[in-house]
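Structure first, commentary second.
The values are calculated or read from the model by the stated rules, or taken from the named source; none is laboratory data. Given the structure is predicted, the values throughout are model-derived calculations rather than measurements. With ideal geometry, Cβ positions are generated from the backbone for all residues, glycine too; neighbour counts draw on all protein chains shown. Heavy atoms of the whole protein, side chains included, go into the accessibility calculation; ligands, DNA and RNA do not. Shrake-Rupley method; radii C 1.70, N 1.55, O 1.52, S 1.80 Å.
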Amino acid sequence: MKRRSLSLTEKRDWLRLIRSQNVGPVIFRQLIARYGDAPTALEALPELARKGGRKRRLIIAKASDVDRELERMAAVGGRYVALCEPDYPALLAETPDGPPLIGARGHLHLAERPTAALVGARSSSANGDSLARAIAGGLGNRGWTMVSGLARGIDTAAHLGSVESGTIAVVAGGPDV
């Protein structure tokens, strides 16, 4: 996929497409490759579903729902970054089923540095937390970015240890949740 920035209208169409029924990351990429853009793919979806044997009407995400989603993201200082955009993390873009859009707040350039994650217990001990903070801080001081899911315990300790040097929290629901 060619790297380029999307307009707000294009991002809105991308969100509509990925939020439509039975469209996941792999199908999304196939639709964009086949139809060239999201509006054309959205228009083709009902016929594709019918040809595929679908009896019930395919639910396509409403523009009004996507507009509300965009407003909620903006209200928390977030933004959507599309797979084709220069800010989209390069390693994530290489995965065949990476999300077409990610919600982001903060500094995405941190994803271009070497990354590491510390994995451990959610009910960690004080010693475990201290060790995780020290390891994360040491890695951060050497130019690494900690990436984790922001769970309590070791994940949180790792984020706290690297907050000065840079940390990325990955939250499935997005930064507005």
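Given R₀ = 30 Å, what would the calculated FRET efficiency be for Arg34 paired with Arg68, taking r from the Cβ atoms and rounding to 0.05? For R0 = 30 Å, the calculated efficiency reads 0.55. Around Thr145, which amide H atoms from residues at least 5 apart in sequence, or from another chain, sit under 5 Å from its own amide H, with H modelled in the peptide plane? So Thr145 has HN proximity to Thr115, Ala116. The slack in the chain from Arg113 to Arg3, taken as 0.36 nm per residue of separation less the alpha-carbon distance, amounts to 37.7 nm. Couplings 3J(HN,Hα) for region 95-100, derived from phi with the Karplus relation 6.51 cos²θ - 1.76 cosθ + 1.60 (θ = phi - 60°), are 6, x, 10, x, x, x Hz, where x marks Gly and Pro. Here the 3J(HN,Hα) profile of region 122-131, calculated from phi with Karplus coefficients 6.51, -1.76 and 1.60 at θ = phi - 60°, is 6, 9, 7, 7, 4, 5, x, 4, 4, 5 Hz, Gly and Pro shown as x. Between amide H atoms placed 1.01 Å from N, distances below 5 Å from Thr167 occur with no residue 5 or more places distant or on a separate chain. The listed residues Glu43, Glu164, once ranked by accessible area (1.4 Å probe) with the largest placed first, stand as Glu164, Glu43. Applied to region 56-71, the Karplus parametrisation 6.51 cos²θ - 1.76 cosθ + 1.60 on θ = phi - 60° returns per-residue 3J(HN,Hα) values of 8, 5, 6, 8, 9, 4, 6, 4, 5, 5, 5, 4, 5, 4, 5, 5 Hz, with x for Gly and Pro. A 1.4 Å probe run over the protein chains yields, for the chain, 59 Å² of accessible area per residue, whole-number rounding. Each stretch of four or more DSSP H residues adds -39500 (n - 2.57); spread over every residue of the chain, this sum gives -13500 deg cm²/dmol at 222 nm.
Each label was represented as a point 7 Å from its Cα along the Cα-to-Cβ direction; for Val163 and Glu10 these points are 3.7 nm apart. Rolling a 1.4 angstrom probe over the chain with all protein chains present gives an accessible area of which 54% lies on carbon and sulfur atoms.
Near the amide H of Glu85, within less than 5 Å, lie the amide hydrogens of Arg4, all on another chain or at least 5 residues away, with H placed in the peptide plane.
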